[in-house]
Amino acid sequence: MKKLMGLLLLVMLTACSENEAVEQLKKDYPDVKVMVEELPESVQERLAAPELLPFKPKLVQLRYAGDPPGDPKGAITHTEFVYGNGKGAVLNVTTFHNKKTNFHNEGKVKTTKLEDGTEVIIESDTSDVKSIRWKKDDDYYGMMLMGSEFKMDDLLKAANSMEY
C-alpha cells in the first residue's frame, strides 16, 4: 500500500510540474514537439509560454540559439516561441537559459509590474513594436509583439499568463 501511495504521489507531482501551455503547443504543432524533444531535458524543463495570446496564431515555431550553432544538444543560450497570425502580427516569447545573462540598460529605463509584482522593463513601446523583459526565479524572459493594432496592455496580458 505504501508503494502504491508513493507511486501515486510521484505521478501527481510530475503532472503538476508540466507546463500546460508548452504541452498544448506540442499537441497543436507537431514541428514544435519535434524541436522540444531534441533539446536537453534541462532546457525542456525551463521552456515557458503564455496561456493568453493577443491574436489567434496560424503558425507557431520554436527556435533556439546555442554553442555550437544548430546543435540542440549543445549549450543552449536561449529558446524562443514565435507566433504568427499570417497577417503580419508576430509575438516572440524568449527564455534565456544562460544563468549569466546580462542586459545593459542605457539611459532612463521605463518599467511596469506584472500582476504578481515582478518588475518588467519596457524596451520598446512604439506604434509597431512592443517589447518587455523581466527576471523571475533566476530566469530571464523577454516578449516582443509586432503589429500596429496592439497596445502594451496586450503584451502585458500575455506576460501575466506565462506558465513557467
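The values are calculated or read from the model by the stated rules, or taken from the named source; none is laboratory data. None of the values given here were measured: they were computed from a predicted structure. Virtual Cβ from ideal backbone geometry, glycine too; neighbours counted across all protein chains shown. Note: areas computed on protein heavy atoms with side chains; ligands, DNA, RNA excluded. Shrake-Rupley method; radii C 1.70, N 1.55, O 1.52, S 1.80 Å.
The table below lists the values:
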| read-out | value |
| --- | --- |
| Hey, D28 open to solvent by 50 Å² or more (accessible area, probe 1.4 Å) and at pLDDT 95 or above or not | yes |
| Subset tally (residues that are touching a residue at least 40 places away in the same chain (Cβ under 8 Å), part of a strand (DSSP E or B) and either within 18 Å of E37 (Cα to Cα) or small (G, A, S) (or both)) for segment 60-91 | 2 |
| Members of segment 145-155 found to be in contact with a strand residue (DSSP E or B) (Cβ under 7 Å, 6 or more places away or on another chain) and either at pLDDT below 95 or under 12 Å from L53 (Cα atoms) (or both), listed by number | L145, F150, D154, L155 |
| Residue match in segment 115-128 (condition: under 26 Å from Q24 (Cα atoms), part of a loop (DSSP other than H, G, I, E, B) and not β-branched (V, I, T)) | yes |
| Yes/no for T94 being assigned to a strand (DSSP E or B), in contact with a Ser or Thr (Cβ under 6 Å, 6 or more places away or on another chain) and on the phi < 0 side of the Ramachandran plot | no |
| Number of positions in segment 68-97 that are among the hydroxyl-bearing types (S, T, Y) and over 10 Å from the mean Cα position of the chain (by Cα) | 2 |
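So that you can scan it fast, the table gives a plain yes or no per residue for (1) closer than 25 Å to A159 by Cα; (2) open to solvent by 60 Å² or more (accessible area, probe 1.4 Å); (3) at pLDDT below 95; (4) among the polar types (S, T, N, Q):
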| site | (1), (2), (3), (4) |
| --- | --- |
| M5 | no, yes, yes, no |
| E45 | yes, yes, yes, no |
| P54 | yes, no, no, no |
| P57 | yes, no, no, no |
| G70 | no, yes, yes, no |
| K73 | no, yes, yes, no |
| I76 | yes, no, yes, no |
| Y83 | yes, no, no, no |
